[in-house]
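The values are calculated or read from the model by the stated rules, or taken from the named source; none is laboratory data. Values in this document were obtained by computation on a predicted structure and should not be read as measured data. We place every Cβ from the backbone using ideal geometry, glycine too, and count neighbours over all the protein chains shown. Areas reflect the complete protein model, heavy atoms only, side chains present, ligands, DNA and RNA absent. Shrake-Rupley method; radii C 1.70, N 1.55, O 1.52, S 1.80 Å.
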Amino acid sequence: MNPFTFTQASDVDAALARLAMPGVRPIAGGTNLLDLMKEGVMHPGELVDINGLGFDRIEQDAGGGLRLGALARNADTAYHPLVRERYPLLSAAILAGASPQLRNMATNGGNLLQRTRCYYFYDVGTPCNKREPGSGCPAKEGLNRLHAILGTSEHCIATHPSDMCVALRALDAVVHVRSQGGAREIPFADFHRLPGEHPERDNTLEAGELVTHITLPEAGRFAAHSTYLKVRERLSYAFALVSVAAALDLDGGKIRAARIALGGVAHKPWRVEEAEASLEGKAPGADAFGAAADIVLRGAKGYGQNDYKLTLARNAIEQALSTATRGTEYAKGEHRGEQQ
Ligand SMILES: Cc1cc2nc3c(=O)[nH]c(=O)nc-3n(C[C@H](O)[C@H](O)[C@H](O)COP(=O)(O)OP(=O)(O)OC[C@H]3O[C@@H](n4cnc5c(N)ncnc54)[C@H](O)[C@@H]3O)c2cc1C
Ligand code: SF4
């Protein structure tokens with residue numbers, strides 16, 4: 001174990017000043033960072049406990065949307081009445097992840113910043129471009145059952161493991177961050193990045209920036225027809241092989257608008273707006289859903305052990321869209337996505 005210092009912040013400006021120093025990291029629920037430190041994957045010289053900074057509220061914003069504090073716990077977010085009623089897709093996605101104990105500790109900000117579950121990334125005895133740039137990517141020809149089929153690069157084929165982020169991508173969330181230099185907003189589509197030549201960078205957060213909250217635009221009509229389908233190796237306590245956040249705005253038997261985002265298939269939640277547009281004005285059904293799935297998966301490629309994801313993802317998109325068609329209440333009864 002590397003030695004590190006630990007401070008508890010109660011003042012935002014003082015915390016931002018500490019976080020601007022090299023080797024200093026914030027800690028929220030600690031459910032991912034502490035594991036990474038114990039495995040020797042991350043070794044910050046100082047941890048700043050940000051739990052006292054007060055970014056833990058969930059409230060309606062002036063524009064009719066919702067503001068989710070970065071330090072609100074995943075469980076409190078999933079069970080909040082406004083989230084359950086207006087954004088059931090987000091509630092379902094959060095409850096499909098981890099376990100009740102973990103969701104009680106894990107925060108919204110930490111969920112966005114959790115790191116990949118690639119086995120090689122966690123094993124400091126092996127090379128890994130994400131952990132040690134330039135050392136290689138053994139997953140490409142090795143154990144890649146859990147790995148990406150879209151947006152990969154020759155340097156990394158890891159996936160982003162979050163369930164919550166898949167729903168946030170489908171719902172057009174915005175991430176709000178602060179540093180000593182001021183505040184800025186990052187549309188969710190631009191928050192996580194593809195690996196490209198720099199797989200060591202998971203997202204577009206700059207050094208010293210803290211996530212303060214996440215906003216969701218007004219829910220609109222998606223709440224009535226949405227579902228989060230998570231396919232995993234066991235029903236509890238497992239990361240997604242493939243997941244789909246699907247939502248439909250139905251009007252007179254036709255699709256007025258659609259949202260489809262995928263987890264478990266890329267270095268970031270995967271969404272192709274052209275696929276959603278292809279559904280507009282169509283009647284819900286297997287033909288339209290299959291054609292949309294083909295657009296989402298255009299360019300997908302397997303690496304051997306994860307070839308099964310090509311078929312699995314297509315089937316999961318079709319199934320999620322047909323479940324969403326039948327209605328959110330139906331989806332709740334059918335999937336019982338909540339993990340024990
Ligand atoms: C056994 C197990 C199973 C799991 N299964 C799932 C699953 O099925 N689905 C799923 O989605 N997740 C799963 N998780 C992951 C879990 O959701 C994350 O560990 C959790 O969301 C991280 O939140 P945290 O507050 O504990 O973050 P921490 O561990 O405290 O921090 C994680 C990272 O975020 C940074 N950070 C934290 N807050 C901020 C902030 N406000 N601004 C800037 N940086 C910040 C930290 O510096 C650190 O780098 C699982 C975890 C475990 C241990
Ligand atoms: S897939 Fe990415 S995280 Fe996994 S070994 Fe390759 S570089 Fe490392």
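Please give, to one decimal in nm, the separation of the simple spin-label points placed at GLU329 and ALA277, each 7 Å out from Cα toward the Cβ.
Between GLU329 and ALA277, the simple spin-label model gives 3.6 nm.
With unit charges on the beta carbon (Lys/Arg positive, Asp/Glu negative), name the residue among HIS267, LEU102, ALA14 whose Cα is farthest towards the positive pole of the charge dipole of the chain.
LEU102
What do the square roots of 5 times the Cα gyration tensor eigenvalues come to for the stretch 14-63, in whole Å, largest first, as semi-axes of the equivalent ellipsoid?
26, 15, 8
How large is the charge dipole for the stretch 183-263, taken about the Cα centre, if only the Cβ atoms of Lys, Arg (+1) and Asp, Glu (-1) carry charge, to the nearest 20 debye?
Magnitude of the dipole: close to 500 debye.
Which value, in Å to one decimal place, does the Kirkwood hydrodynamic radius take for the stretch 206-263 when every pair of different Cα atoms is included? Working shown, then result.
Numbers: mean 1/r = 0.0705 Å⁻¹.
The Cα-based Kirkwood calculation yields 14.2 Å.
Name the residue from VAL166, ALA148, THR126 whose Cα lies farthest towards the positive end of the charge dipole of the stretch 117-201, charges +1 on Cβ of Lys and Arg and -1 on Cβ of Asp and Glu.
VAL166
Starting at the first residue of the stretch 82-93, write each ³J(HN,Hα) from the Karplus equation 6.51 cos²θ - 1.76 cosθ + 1.60 with θ = phi - 60°, in whole Hz, x for Gly and Pro.
For the stretch 82-93, the Karplus-derived couplings read 5, 6, 4, 7, 9, 10, x, 4, 5, 4, 4, 5 Hz, x marking Gly and Pro.
Give the Debye-formula value of log10 I(q)/I(0) at each listed q (0.09, 0.13, 0.17 Å⁻¹), with one equal scatterer per alpha carbon of the stretch 214-340, two decimals each.
Here the Debye-derived log intensity ratios amount to -0.24, -0.51, -0.87.
Say R0 is 22 Å: what FRET efficiency, to the nearest 0.05, do ARG184 and GLU46 get from their beta-carbon distance?
0.35
Before rounding to the nearest 500, sum -39500 (n - 2.57) across all DSSP H runs of length at least 4 in the chain and divide by the residue total; then give [θ] at 222 nm in deg cm²/dmol. The partial results should precede the final answer.
Numbers: 14 runs with 106 residues, N = 340.
Value at 222 nm, helices only, nearest 500: -8000 deg cm²/dmol.
Would you report the distance distribution of C-alpha pairs in the stretch 53-112 as whole percents per 5 angstrom bin, up to the bin with the largest distance?
Computed distribution, short to long bins: 4, 21, 31, 27, 13, 4, 1.
How far is it, in nm, from the label point at HIS198 to the one at ASN104 when both lie 7 Å from their Cα along the line to the Cβ?
My value for the distance between the label points is 4.0 nm.
With +1 on each Lys and Arg Cβ and -1 on each Asp and Glu Cβ, how big is the dipole of the stretch 18-107 about its Cα centre, in debye rounded to the nearest 20?
80 debye
Based on the alpha-carbon gyration tensor of the chain, what equivalent-ellipsoid semi-axes (square roots of 5 times the eigenvalues) come out, in whole Å, largest first?
Output for the chain: semi-axes of 32, 25, 17 Å.
Charges at C-beta only: +1 for Lys and Arg, -1 for Asp and Glu. How large is the resulting dipole of the chain about its Cα centre, in Debye rounded to 20?
Dipole magnitude for the chain comes out near 600 debye.
From the convex hull of the Cα coordinates of the stretch 48-200, what is the mean projected area in square nanometres?
For the stretch 48-200, the mean projected area of the Cα convex hull comes to 10.8 nm².
Out of all DSSP beta bridges in the stretch 1-109, what portion is antiparallel? Express it as a percent rounded to 5.
Expressed as a percentage, antiparallel bridges in the stretch 1-109 total about 35.
ASP123 label point, 7 Å along Cα→Cβ, cut-off 11 Å on backbone N: hits in the stretch 29-53?
From the stretch 29-53, the list is empty.
When the accessible area of the chain is split by element with a 1.4 Å probe, what percent falls to carbon and sulfur?
Looking at the chain in its full context, I get 51 percent from C and S.
Of the candidates MET164, MET105, MET42, which one comes out as most mobile in a Gaussian network treatment of the chain with C-alpha springs shorter than 10 Å?
Sorting by GNM fluctuation, first place goes to MET42.
Taking every DSSP beta bridge with both residues inside the chain, roughly what % is antiparallel (nearest 5)?
Numbers: 37 of 45 bridges.
If we restrict to bridges inside the chain, about 80 percent are antiparallel.
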